[in-house]
1. Among 162, 215, which is touching a strand residue (DSSP E or B) at 6+ places or on another chain (Cβ under 7 Å) and farther than 30 Å from residue 348 by Cβ?
2. Within region 57-76, restricting attention to residues that are under 19 Å from residue 235 (Cβ atoms) and free of Cβ contacts under 8 Å to residues at least 40 places away in the same chain, which residue is surrounded by the most Cβ atoms within 10 Å (Cβ to Cβ)?
3. Given the structure, is residue 306 surrounded by 22 or more Cβ atoms within 10 Å (Cβ to Cβ), outside any loop (DSSP other than H, G, I, E, B) and touching a helix residue (DSSP H, G or I) at 6+ places or on another chain (Cβ under 7 Å)?
4. What tally of residues in region 283-306 results from selecting those that are touching a strand residue (DSSP E or B) at 6+ places or on another chain (Cβ under 8 Å), under 17 Å from residue 238 (Cα atoms) and in contact (Cβ under 8 Å) with a residue 40 or more places away in the chain?
5. Considering each of 62, 80 in turn, give the residue that is assigned to a helix (DSSP H, G or I), closer than 27 Å to residue 168 by Cβ, out of contact with any strand residue (DSSP E or B) (no Cβ under 8 Å at 6 or more places or on another chain) and at pLDDT 95 or above.
6. Could we say that residue 19 is under 26 Å from residue 143 (Cβ atoms), more than 26 Å from the chain's Cα centre (by Cα) and at pLDDT 95 or above here?
7. Just to check your reading of the model, which residue among 70, 152, 160, 85 is at pLDDT 95 or above and over 20 Å from residue 35 (Cα atoms)?
8. Kindly provide the set of residues from region 180-193 that are buried (at least 20 other Cβ atoms within 10 Å of the Cβ) and over 21 Å from residue 126 (Cα atoms), ordered by number.
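The values are calculated or read from the model by the stated rules, or taken from the named source; none is laboratory data. All figures in this text were calculated on a predicted structure; none of them were measured in a lab. In this analysis, Cβ positions are derived from the backbone assuming ideal geometry, glycine residues included, and neighbour counts consider all displayed protein chains.
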């Protein structure tokens, strides 16, 4: 078996040969990736269920279909993405061809996460393949069954000379990061992201970081409480709350909270029955360590548990939980929850909620539920986040024509669709010049004079573009 450095060098040799550059090769690999997803849907469902007890419906939706749609989108658009982007010219460059050519970066590293173990690995891979790179793929070792399946399937469907899967734990990942890559794409926690950045800095390697953050959901003004409860409960407890874009907490007035809670209880019974531990539609926490962290947060909260609050360590089960009377300095507000626990903070105006948000790190998403367009507009304009969605949650990330990514502490860079292609491309500025207008070019040659400066300023000024 090749060492990590041998794998990287093998892929670098392949990249230098130019085999990944033609559109036909990239398209062919994307078609094979599509076949991998279609041929192995049941294997994917079983592997993800083994890791997270994720229901088949949730796996098909979030691990299979969202990835399939990304591949479809890339295949349909790769020709246009690869075309040069022509730039505006001035009089001095009137006869030149000036354009931006996107070219692949080289050998890139994609590090996936355990909560969506296929999606968060393969969607970046789609962008890297479309952009013409060779890729080292590092699945999360926490989701062991999916890790093993990816390691088995990728070599069967994709070129082994261009794409390689590297397995292992944290120490193996740290060793892998010592190699020189042309780009590193990491999805996961802020703590690990700092180590990724430190390793990347040694080689001045650019990084894309898809992190988390406490995504708020503001509920103000008039709403349909039953519809709001359905959308909030679905988004929060999908994958047992183990989603970086899940609503982390709710901000609303006391009156709204009191009207919302009965609807939330009713919806939870509809979705998961009055015995949610027996529901086949509720996923489990990924590991005993993650389960213990969440239960410890519940022990330390000063809020009042009004729904759920129970768990079973052996089954890694935590009931869908709602906590009220939560203060901003509560244990539940200190870090991203990443589990089926929903704190509700009562803040009596949307303005004060916005003020509270502006004092925190920028989240991966901001959600607002309201029938009043003025409320939605105010929250959208006066907050900053990776993404924004009104009257729903999570769903914005499923559209490949929207960029997905964070800002500040919630991440650097974006991907999905064209933005994934751009994340793994270098935008090369190109100017193709001939030998015409040499007399005009002579204005820049010595001997210099004030008259030459005046003429040069005229030919290169933005207003000279109108003469074209």
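1. Checking each option against the conditions leaves just 162.
2. Among residues in region 57-76 that are under 19 Å from residue 235 (Cβ atoms) and free of Cβ contacts under 8 Å to residues at least 40 places away in the same chain, the one surrounded by the most Cβ atoms within 10 Å (Cβ to Cβ) is 59.
3. no
4. Residues meeting the conditions: 3.
5. 62
6. Answer is no for this residue.
7. Being at pLDDT 95 or above and over 20 Å from residue 35 (Cα atoms) holds for just one of 70, 152, 160, 85, which is 85.
8. 193
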